[in-house]
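Engineer: Got a structure here, written out as structure tokens. Questions coming.
Please treat every number below as a calculation from the coordinates, not as lab data. Since the model is a prediction, treat every value here as computed from it, not as a measurement. Ideal geometry is used to build each Cβ from the backbone, glycine not excepted, and the neighbour counts take in all protein chains shown.
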Amino acid sequence: MKFICIASILLAGFASTAAAHEGHDHGDHYDPRDGVIKLYGAGGPHSAIQKVADVWQQQTGTRVELTYGPETTWTQAARQDADIIWGTAEQSMTAFLQTYTMFNSDQVEPIYIRPAVIAVQKGNPRGIEGFDDLLADDISIVVTEGAGVSNTSGTGVWEDIAGRLGNLEDVIEFRRNIVAFRHGSGASFKAFQELDADAWITWPDWPARNPDSLEAVALEAERAIWRDLNVVVSPEADPEARAFLDFLISEEAQPLMASEGWVR
């Protein structure tokens, strides 16, 4: 009898711990049904999505609210009321789903895609035309890396580009010219400016939004690396969330997304 009582207490403790862990994973009082479509994700695609959201709001009267930036700035809010999470790469979304377990992996939808580009100073003073120009001895490059601590679409992209042709020397020479590894595109842009760097491996939306300081140089087709924009809607989301995602990929929305480099 004593053994049974002790076992019951231990089982109750384990059940309590599991329930507490499950509640933590899903966030306290998660309830997205508030009449507002709330999207959370990394900065970058937010400006193009906002263009689409503005049109949607005018047409339907349904409010859309975007929260973007480094995940640490919005994770607590997303646990409370996120209808939709967007990822800026597949590896980025996979990482999100480890935290936001109210979303299901089999519901993730890739909706747009864009290529990595070389961002250069306005006017392209170094005359950079492609990858080979980045290997010159006096070129300085900024790259974006998650470094195992930050969820960013830039993780590994520079290596994918440099190693694309299977030539180790390309990776060695490219890496020699990297002057900053930064966690996230916002931090990379800041480093690019502060260090007066010659090039930054990034995505086309950054030059599109910052034409006063950046220009985009396309990579050669054989070096091209593409990452997708993906979304996932919560099973508990506001009913209008699904309709907004349908509009986000509509023929009306696609030119707005394409204005910042997102294509289908």
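Engineer: Please report, in whole Å³, the volume per residue of the convex hull around the C-alpha atoms of the range 39-88.
Structural biologist: Taking the convex hull of the Cα positions in the range 39-88, it is 66 Å³ per residue.
Engineer: May I ask you to order 86-94, 38-46, 238-246 by the average number of other C-beta atoms within 10 Å around their residues, highest value first?
Structural biologist: In decreasing order of mean packing, 86-94, 38-46, 238-246 become 38-46, 86-94, 238-246.
Engineer: Hey, another quick one. When the chain is modelled as a GNM with alpha-carbon springs shorter than 10 Å, which of E236, E194, E65 fluctuates the most?
Structural biologist: Result: E194 has the largest fluctuation of those listed.
Engineer: So, in the chain, how many Lys pairs have Cα atoms under 27 Å apart, if the pair is 8 or more places apart or on different chains? Write down the numbers at each step before the final one.
Structural biologist: Working: K38/K51; K51/K122; K51/K190; K122/K190.
Lysine pair count for the chain: 4.
Engineer: I would also like to ask the following. Give the Debye-formula value of log10 I(q)/I(0) at each listed q (0.10, 0.21, 0.22, 0.25 Å⁻¹), with one equal scatterer per alpha carbon of the range 55-147, two decimals each.
Structural biologist: For the range 55-147, the Cα-only Debye profile gives -0.48, -1.12, -1.18, -1.37.
Engineer: Another question about this same structure. In deg cm²/dmol, rounded to 500, what helix-only [θ] at 222 nm does the chain give when every DSSP H run of at least 4 residues adds -39500 (n - 2.57) and the total is split over its residues?
Structural biologist: So the helix-based figure for the chain works out to -11500 deg cm²/dmol.
Engineer: Moving on. Mind telling me which of S150, S185, S250 comes out most flexible in a GNM of the chain, alpha-carbon contacts under 10 Å?
Structural biologist: Result for the chain, Cα springs under 10 Å: S250 fluctuates most.
Engineer: Oh, and also: Could you give the length gained on full extension between R63 and K122, defined as 0.36 nm per residue of separation minus the Cα-Cα distance, in nm?
Structural biologist: 17.6 nm
Engineer: Report, largest value first, the span of the C-alpha coordinates of the chain along each principal axis, in whole Å.
Structural biologist: Sorted from largest, the Cα extents of the chain read 80, 53, 31 Å.
Engineer: For V217, which sequence-distant residues (separation of 5 or more, or a different chain) have an amide H within less than 5 Å of its own amide H, given hydrogens modelled in the peptide plane?
Structural biologist: I118, A119, V120
Engineer: Can you sort I225, I49 by how many other beta carbons sit within 10 Å, fewest first? Each step should come with its number before you reach the end.
Structural biologist: Working: I225 16, I49 27.
Fewest-to-most ranking of I225, I49: I225, I49.
Engineer: Along the range 195-206, what does the Karplus equation 6.51 cos²θ - 1.76 cosθ + 1.60 (θ = phi - 60°) give for ³J(HN,Hα), rounded to whole Hz, x for Gly and Pro?
Structural biologist: Once rounded to whole Hz, the list reads 8, 6, 6, 8, 8, 9, 7, 8, 10, x, 5, 5.
Engineer: Give me the dipole magnitude in Debye, nearest 20, for the range 117-224 about the Cα centre, with unit charges on the beta carbon: positive for Lys and Arg, negative for Asp and Glu.
Structural biologist: In debye, rounded to 20, the range 117-224 gives about 420.
Engineer: Running a GNM on the chain with Cα contacts under 10 Å, which residue among A199, A136, A253 ends up with the highest mean-square fluctuation?
Structural biologist: Of A199, A136, A253, the Gaussian network model singles out A136 as fluctuating most.
Engineer: Among rounded, prolate and oblate, which fits the range 173-226 when a ≥ b ≥ c are the square roots of the eigenvalues of its C-alpha gyration tensor, a/c under 1.5 means rounded, and a/b larger than b/c means prolate?
Structural biologist: oblate
Engineer: For the range 117-224, just run the numbers: alpha carbon Rg, then divide by 2.2 N^0.38 Å, N being how many residues it has.
Structural biologist: Dividing the Cα Rg of the range 117-224 by 2.2 N^0.38 Å gives 0.97.
Engineer: OK, next. With both partners inside the range 116-264, how many of the DSSP beta bridges are antiparallel, as a percent to the nearest 5?
Structural biologist: 60 percent
Engineer: A further question follows. For the range 74-114 and the range 203-263, compute the distance between their C-alpha centroids and round to whole Å.
Structural biologist: Going from one Cα centre to the other spans 15 Å.
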